[in-house]
1. Would you mind calculating the gained length between Glu27 and Lys263 on full extension (0.36 nm times residue separation, minus the Cα-Cα distance), in nm to one decimal?
2. In Å and on Cα atoms, what radius of gyration and Dmax does the stretch 214-291 show?
3. Roughly how many nanometres apart are two label points built 7 Å out from the Cα toward the Cβ at Asn176 and Lys84?
4. Per residue of the stretch 255-264, in order, report the coupling 6.51 cos²θ - 1.76 cosθ + 1.60 (Karplus, θ = phi - 60°) as ³J(HN,Hα) in whole Hz, putting x for Gly and Pro.
5. For labels at Ala280 and Ser194 in the simple 7 Å Cα→Cβ model, what's the distance in nm?
6. Convert each backbone phi in the stretch 223-234 into a coupling constant with the Karplus relation 6.51 cos²θ - 1.76 cosθ + 1.60 (shift: θ = phi - 60°), then list the ³J(HN,Hα) values in order as whole Hz, x for Gly and Pro.
7. Between Asn240 and Arg187, what length in nm is gained on full extension when 0.36 nm per residue of separation is reduced by their alpha carbon distance?
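Every number here is computed from the coordinates shown, using simple stated rules; none is lab data. If you're wondering where the values come from, they're calculated on a predicted model, not measured in any experiment. Using ideal geometry, Cβ is built from the backbone for each residue, glycine included, and neighbour counts are taken over all protein chains shown.
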Amino acid sequence: MLQKLENVFSIAGTVKAVQFNRLFNSEPILSVTDTGVHNRTIDTWDSKKLIITPRKNKGIHRRFNFLEFVWIRVLDDIQGIGIKSKVLKRTKKELFYHVDFQIMKRLIRMEQELMDDWGDGSSMTELIEVIKIGVKRKKASKQFNLFQLLVSEAIFSKEPVNLLIFGDGGWLPLFNNDVSIYPEELREKILYESHFNISLTRIIREFFAHPKAGLIINEIDLFSTVELKVLQIISSGEYNTIEVSLPDGSVRLLEKSAYSGLKLIDYLVEGNYKSIRLNAPGGMMVVVENVKLSAS
């Protein structure tokens, strides 16, 4: 997998991952209850060395940071499909290979054009070389790693980001369900070998509706102040209906449900809305106008 880095990372996603390295590996603030996974299950994964940060003191309540939370959600998606623990250890080992953070910080000093576009291809070559030089074959719990880069892509990309895990523990990322980025042997692997498809995009966006999401998303500059207010209301459940006006003039009415909350987050992240009106109890109403759409 490490030979295929050019198919994994975009400049924009990599730069974002470097910028938010501290945030992704912040102090543990999320409890076992927040993960939605039973404590005994997490203890079992820990005993099989599948948890990023092993438990050291059984006398205190466990807490997880954002990156650990996402990995636990990935494990929860995988459980029950018959992938053996020793196979998953390979997946974990590769995803959490250490990437030298000082090398990656060089990306921040690149020209703005290099971050925004591949240009004539020379910028892609430079990025690939920077990443390949920085990859070290060792595990690290709270260092800069490949999984962090994928999580960054899932947060900031407007296209679906999926993680494919194969029966032998191998893995591939899939962006916007586009297999054409891979050479023929990997396309055939995706087409003909059994694998599990995990939506990192869905895990991230479900977290955006979590009551504790504000502790993370306030710092990533992904939503406006009013959009953050809407997310806060969605996570609290204190609303009745949502009316979404789309760019083509049509209107979508969403009744209160878990699906509606996730669908609203999709609209907010992708910017695919003209305005959003959230009707709350007592006649209160919150309206969000898509300033970016108006500006364009």
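1. Length difference between fully extended and current span is 82.0 nm.
2. So, for the stretch 214-291, Rg and Dmax equal 11.7, 34 Å respectively.
3. Simple spin-label model gives 3.9 nm for this pair.
4. My calculation for the stretch 255-264 gives 6, 5, 5, 5, 4, 4, x, 5, 5, 5 Hz in order.
5. 5.0 nm
6. Once θ is set to phi - 60°, the couplings for the stretch 223-234 become 10, 6, 4, 5, 5, 5, 5, 4, 4, 5, 5, 4 Hz.
7. 14.6 nm
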